[in-house]
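Everything below concerns the one structure shown next.
The values are calculated or read from the model by the stated rules, or taken from the named source; none is laboratory data. Everything numeric here is computed off the predicted structure, so don't read it as measured data. Cβ sites come from the backbone with ideal geometry, for glycine too, and all protein chains shown count toward neighbours.
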Amino acid sequence: MTNYLNLTVRQLISQGILTQEQLTQLINKKRRAVERSVKQARKEETKSLVKEALSEILAEPGATVKHRTVWNHIGRSKFTRDEVLNALQSLRDDGVLQNIRTSGNNFQVFWALVEQPVSPGFEVNGN
């Protein structure tokens with residue numbers, strides 16, 4: 001078994017242990033895994049920046065925001081529209097945000113925090 005560990009890829013192919021097709025498949029599999037990892041890291045970075053931006057934008061109780069405002073805040077040249085939208089949707093799925101639709105028009109979708117900040121000087125009524 002130890003002898004096999006010392007063989008180069010070229011030797012493995014010449015001895016019929018590994019085919020060129022298998023090698024190509026392994027290389028492609030590794031490339032796709034790296035691409036998925038990069039894509040996931042980008043998603044997490046976008047989500048983190050969107051969450052940070054929302055803490056500033058939605059600081060007032062009852063505040064809402066449109067997607068474009070968040071996109072402009074974190075940098076339109078740095079992130080795509082879809083990346084920001086996916087981050088907002090992910091935060092909604094996490095229970096941080098909620099959608100408020102004023103009509104069937106997709107341009108009338110507002111985002112708000114599920115847990116609204118409390119105004120200073122006011123109390124929250126109990127049940």
When you check SER37 against the structure, is it without any contact (Cβ under 8 Å) to a residue 60 or more places away in the chain, closer than 20 Å to GLN89 by Cβ and of a type in the set (Gly, Ala, Ser), yes or no? no
Report, ordered by the first and then the second residue, all pairs with beta carbons closer than 9 Å, sequence separation of six or more or different chains, a first member in segment 79-93 that is crowded, with 17+ Cβ neighbours inside 10 Å, and a second member that is in a helix (DSSP H, G or I) and acidic (Asp, Glu). PHE79/GLU45
Does segment 39-49 contain any residue that is over 20 Å from ARG101 (Cα atoms) and modelled with pLDDT under 95? no
As an exercise: evaluate SER55 against (1) under 14 Å from LEU91 (Cβ atoms); (2) free of Cβ contacts under 8 Å to residues at least 12 places away in the same chain; (3) surrounded by 12 or more Cβ atoms within 10 Å (Cβ to Cβ) and give the number of the one condition it does not meet. (3)
Given the conditions (1) in contact with an Asp or Glu (Cβ under 9 Å, 6 or more places away or on another chain); (2) modelled with pLDDT under 95, every one holds for GLU60 apart from (1)
Could you check segment 89-104 and list, in sequence order, the residues that are in a loop (DSSP other than H, G, I, E, B), of a type in the set (Gly, Ala, Ser) and closer than 15 Å to VAL50 by Cα? GLY95
Of the residues LYS47, LYS29, only one is under 16 Å from ASN86 (Cα atoms), part of a helix (DSSP H, G or I) and basic (Lys, Arg); which? LYS47
What do you reckon, is SER103 at negative phi, hydroxyl-bearing (Ser, Thr, Tyr) and at pLDDT 95 or above? no
Test result for GLN116, surrounded by 12 or more Cβ atoms within 10 Å (Cβ to Cβ) and either within 30 Å of ILE13 (Cβ to Cβ) or more than 17 Å from the chain's Cα centre (by Cα) (or both): yes
